[in-house]
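Encoded as structure tokens, the structure appears first; notes follow it.
The values are calculated or read from the model by the stated rules, or taken from the named source; none is laboratory data. Nothing here was measured: the structure is a model prediction, and the numbers come from that model. Counting neighbours? That spans all protein chains shown, and the Cβs are built from the backbone with ideal geometry, glycine included.
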Amino acid sequence: MAIKLDNIFNSAIENSLFKNKNILQSNYNPESILHREKQIKLVASIMAPLLRGERCSNLFLYGKTGTGKTLSVLYVKDEIDKRAKDLGINLKIRYLNCKLKKVSDTEYRILAELIEQLGESVPATGLPTQEVYSRFIELIDKEKQVVVILFDEIDHALKKISDSFLYTLLRLNSELSQAQISIVGISNDITFLDNIDPRVRSSLGEEEILFPTYNAIQLQDILKERANLAFKENVVSEGVIAKCSALAAREHGDARRALDLLRIAGELAERDGQKNITEEYLDKANKKIERDKILDLVETQPTQCMVVLYSIILLTNESKKEDKGSFFTGDVFNLYQDLCNKLKLEILTQRRISDIIADFDMLGLINARVISKGRHGRTREIKLSIPSNILPKVEEILKESLNL
DNA sequence: AGGTATTCACATGAAACTATTCTCTGAGTTAGG
DNA sequence: TAACTCAGAGAATAGTTTCATGTGAATACCTGT
């Protein structure tokens, strides 16, 4: 029953285009960070007082995704950690990504995660939030030390939690007798600071650093450096790098995306047994990334949301056939009700469906615009924005998961 | 004709409810001394 | 008597429902010419 896989494996090993694929993975830490000297130095100088055992100013970093914010901060963190160790300073810098599933978007979980990072543990539920809070204070304040907390994607957390949480955290110093605390916030949303409590704003933004987007040339440098390490000789040409960075620069100068693109292009080319990556593979990779993103999104939707999405797809097909333009929330809800009856599912309220539709809009699966039809009310005009080439696949997934 | 008021069909917000998961506590039970 | 078990109280959370309020412009309804 042994299937001869040796050939496949062997050729996979021999024909690999990669020297070290990790280097293109987004969690990889390069030794050198290009085009961010200025910001890194600034961060370092702001955080330097830590090495004297003092707290540093609260710091706020902002810039779009993939502009090296996290990378830079973590780099400085490592360097400071090293020095602090040599100097024997009691310093704890903890990094917390507010976007992780585990952390979710609640005060409780953020505190719980912080406590865990500081080496203790709290139950995932069951305790009053206040209790977790005082445990946190106790934990920090039991010895003389400086604690720095890096909140990555802080905007994400604060969408759900009121900013009073940050405010309390920022004022924690007055409650601490021995320890001191500093907060570093990292945000992808540039307008984030504008929409929060001014008191929080002034204390969180004691120092602010903007990370500008990379332009195509800078991206090219970054890609070139990583590609040299990641790929074998002659696998990627200058042209491919140039195109890759151009693609990414057009889409907000996101370096992470550029690296993903290059990696996926490499994987695709490798699978086809190519000896090098051509520009056409970049296009393929671009499509694949998009496709995977959407399919993944659809697959992981809860049943009710799937039904709503399916209704939208059906309505799209119908309106295309009959050539009668667009449809609205009410139409979706009606069809959704029919489907629920057929599938013997509970019917959710229109209020809820409205929210689900809004969510789909956020996710980019559909394009919903609130319009007023005058006498005929106000509603959302809904358009599907799933590319037609993957629509059949999406439909298939939905049908399968809904047993249609 | 031009201006104003209505009115529709939802959007949007806030609060309250529900089911589930988990901790903590203390009463009752058990087994060993 | 110490260790163990187990039920009940209390919390947090996600996903809803319920109730309340908001809203943009096509239409109905006036107005005065």
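A few remarks follow.
- Filtered by the rule that a residue be outside any loop (DSSP other than H, G, I, E, B) and either under 14 Å from A:SER311 (Cβ atoms) or of a type in the set (Phe, Trp, Tyr) (or both), the range A:352-382 gives A:ARG352, A:ILE353, A:SER354, A:ILE356, A:ILE357, A:PHE360, A:ILE366, A:ALA368, A:ARG380, A:ILE382.
- Selection of first residues in the range A:378-404 that are free of Cβ contacts under 8 Å to residues at least 40 places away in the same chain and at positive phi and of second residues that are outside any loop (DSSP other than H, G, I, E, B) and of a type in the set (Ser, Thr, Tyr), restricted to Cβ pairs under 7 Å at least 6 apart or on distinct chains, gives an empty result.
- Exclusive hit being polar (S, T, N, Q), farther than 30 Å from A:CYS340 by Cβ, exposed (fewer than 15 other Cβ atoms within 10 Å of the Cβ) and more than 16 Å from DNA strand C (Cβ to nearest atom), set A:SER237, A:SER245: A:SER237
- Residue in the range A:316-332 that is modelled with pLDDT of 95 or more, of a type in the set (Lys, Arg) and either surrounded by 14 or more Cβ atoms within 10 Å (Cβ to Cβ) or part of a helix (DSSP H, G or I) (or both) present: no
- Verdict on A:ILE312 being within 16 Å of DNA strand B (Cβ to nearest atom), touching a residue at least 24 places away in the same chain (Cβ under 8 Å) and not assigned by TED's automatic domain parsing to the domain that holds A:LYS287: yes
Here's the yes/no breakdown for (1) over 30 Å from A:GLU238 (Cα atoms); (2) of a type in the set (A, V, I, L, M, F, W, C); (3) in contact with a helix residue (DSSP H, G or I) (Cβ under 7 Å, 6 or more places away or on another chain):
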{"position": "A:SER311", "(1), (2), (3)": "yes, no, yes"}
{"position": "A:GLY325", "(1), (2), (3)": "yes, no, yes"}
{"position": "A:THR329", "(1), (2), (3)": "yes, no, yes"}
{"position": "A:LEU343", "(1), (2), (3)": "yes, yes, yes"}
{"position": "A:ILE347", "(1), (2), (3)": "yes, yes, yes"}
{"position": "A:ARG351", "(1), (2), (3)": "yes, no, no"}
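- Within the range A:163-174, residues that are in the same structural domain as A:ARG199 (by TED's automatic domain parsing) sit with their Cβ atoms under 8 Å from residues that are of a type in the set (Lys, Arg) and assigned to a helix (DSSP H, G or I), at 6+ positions apart or across chains, in these pairs: A:TYR167/A:ARG199.
- Inside the range A:366-400, residues that are crowded, with 16+ Cβ neighbours inside 10 Å and within 16 Å of DNA strand C (Cβ to nearest atom) make up a count of 3.
- Exclusive hit being assigned to a loop (DSSP other than H, G, I, E, B), at pLDDT 85 or above and within 16 Å of DNA strand B (Cβ to nearest atom), set A:LEU127, A:LEU111: A:LEU127
- Each residue in the range A:72-120 was checked for being of a type in the set (Lys, Arg) and under 19 Å from A:GLU54 (Cα atoms), and 6 pass.
- Residue tally, condition out of contact with any Ser or Thr (no Cβ under 9 Å at 6 or more places or on another chain) and not in a loop (DSSP other than H, G, I, E, B), over the range A:130-144: 10
- Residue ID - nearest to A:PRO30 (Cα to Cα), chosen from residues in the range A:222-247 that are aliphatic (A, V, I, L, M) and more than 25 Å from the chain's Cα centre (by Cα): A:LEU229
- Single residue of A:ALA246, A:ALA258, A:ALA269 found to be free of Cβ contacts under 8 Å to residues at least 40 places away in the same chain, assigned to a helix (DSSP H, G or I) and away from DNA strand B (no atom under 16 Å from the Cβ): A:ALA246
- Residue list for the range A:287-320, restricted to those being farther than 16 Å from A:LYS383 by Cβ and among the aliphatic types (A, V, I, L, M): A:ILE289, A:LEU295, A:LEU297, A:VAL298, A:MET306, A:VAL307
- Matching entry among A:ILE80, A:ILE115, A:ILE181 (being more than 20 Å from A:LYS69 (Cα to Cα), without any contact (Cβ under 8 Å) to a residue 40 or more places away in the chain and aliphatic (A, V, I, L, M)): A:ILE115
- Selection status of A:LYS99, within 16 Å of DNA strand C (Cβ to nearest atom), surrounded by fewer than 19 Cβ atoms within 10 Å (Cβ to Cβ) and in contact (Cβ under 8 Å) with a residue 40 or more places away in the chain: yes
- Qualifying residue in the range A:74-91 (condition: of a type outside the set (D, E, K, R), part of a strand (DSSP E or B), under 19 Å from A:ASP155 (Cβ atoms) and in the same structural domain as A:SER202 (by TED's automatic domain parsing)): no
- Across the range A:339-351, the number of residues qualifying as outside any loop (DSSP other than H, G, I, E, B), surrounded by fewer than 11 Cβ atoms within 10 Å (Cβ to Cβ) and of a type in the set (Lys, Arg) comes to 1.
- Contact map, the range A:335-352: first residue acidic (Asp, Glu), second residue assigned to a helix (DSSP H, G or I) and away from DNA strand B (no atom under 15 Å from the Cβ), Cβ cut-off under 9 Å, separation 6 or more or different chains; pairs are A:GLU346/A:CYS340.
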